[in-house]
Amino acid sequence: MTRVLRKFKILLGVFYANMLQYRAEMYLWVLSGIMPFFMMGLWMKVSAGSGYAMTPVDFARYYLAVFIVRQVTLVWVVWEFEYHVVQGRLSPYLLQPMNPAWRFVLSHIGERFARFPFLVAMVVIFFLIYPAALWLPRWHDAVLALIAMIMAFAVRFIMQYTFAMIAFWAERANRIEDLWFLSYLFLSGFMAPLDVFPPLVRTIALWTPFPYLVYMPAQLLTGRCDPAMLVYGFPVMAAWGAVFLGIWWIAWKRGLRHYSAMGA
């Protein structure tokens, strides 16, 4: 176990150092995720003087939390894995005594550490522009939100990595992810908090993994999460993660046989 942890630490350091070489590009990546702030402006206008349970300040805090959650849970492994398969770069990794999945996981984690200063800068700028929205999460909400974001990243990674297995049979595995992302946008709370959804749509959404990837962690950060959601939120995420993990394992084994048969 000590040797494994040492290998993980070394790889994490390598990926972190690699990401630091592209600070300007990383800043652009962070800026490319400001879509929640556009939605914030829209909902703040709509909620002013309306009958919504959330005030304009609540919407401002919610979408800042969404921005933070998105920065922490962002996943792109389907494009990276597809590139490695199509270009034949996966083959050397298969010769090493480590599942290639761990390389992609550590690559994502290393990028998070490199991205963190930019994230802090964006939060500070936000509060300078909207000082009325300034708040500090309660410590237990912050801890639960951190756990929820870690689980959301894990589930999101497993889901996307499962879709990436299609690259063994097709050159555009990311097309499935594009279709899945549409549901993610509308049901996760990214475009609008579930509080404004019709009751039937909200009930259906809660059976999917999407609300727990963005909405629940964001609500935990703002201190507005329904305690009932915590009771079934984490188990639902774990259940969906287990389902996709099983599908990935089957697709991985069959995909490797197909990949080897093609001469890799």
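Set the Förster distance to 22 Å, then compute FRET efficiency between residue 76 and residue 9 from the Cβ-Cβ distance, nearest 0.05. Efficiency, rounded to the nearest 0.05: 0.45. For the pair residue 257 and residue 132, label points projected 7 Å from Cα toward Cβ lie 6.3 nm apart.
Taking each residue as 0.36 nm, the span from residue 185 to residue 86 lengthens on full extension beyond its C-alpha to C-alpha distance by 32.8 nm.
Spin-label pair residue 99-residue 121: with each label point 7 Å from Cα along the Cα-Cβ axis, the two points sit 3.7 nm from one another. Tilt of helix 2-20 relative to the longest C-alpha principal axis of the chain, in degrees (0 to 90, nearest 10)? Rounded to the nearest ten degrees, it is 70. Peptides 181-188, 159-166 ordered by packing proxy, namely the average of other Cβ atoms within 10 Å per residue, highest first: 159-166, 181-188. Between rounded, prolate and oblate, where does the chain land on the alpha carbon gyration tensor, with a ≥ b ≥ c its root eigenvalues, rounded for a/c under 1.5, else prolate if a/b exceeds b/c? Here the chain falls in the prolate category. The fraction of accessible area contributed by carbon and sulfur in the chain is 72 percent, rounded to a whole number (1.4 Å probe; ligands and nucleic acids excluded). Residues in segment 124-130 carry Karplus couplings, in order, of 4, 4, 4, 5, 5, 7, 10 Hz; the curve used is 6.51 cos²θ - 1.76 cosθ + 1.60 with θ = phi - 60°, and Gly or Pro positions show x.
Counting heavy atoms of the protein chains only and a 1.4 Å probe, report the per residue accessible area for the chain as a whole number of Å².
Ligands and nucleic acids excluded, the result is 53 Å² per residue.
Cross-link partners of residue 45 among aspartates and glutamates, defined as those whose alpha carbon lies under 15 angstrom from its own and excluding same-chain residues fewer than eight positions apart: 58.
The values are calculated or read from the model by the stated rules, or taken from the named source; none is laboratory data. Please read all numbers here as calculations on a predicted model, not as lab measurements. Ideal geometry is used to build each Cβ from the backbone, glycine not excepted, and the neighbour counts take in all protein chains shown. Accessible surface is based on the protein model in full, side chains and every heavy atom, while ligands, DNA and RNA are left aside. Shrake-Rupley method; radii C 1.70, N 1.55, O 1.52, S 1.80 Å.
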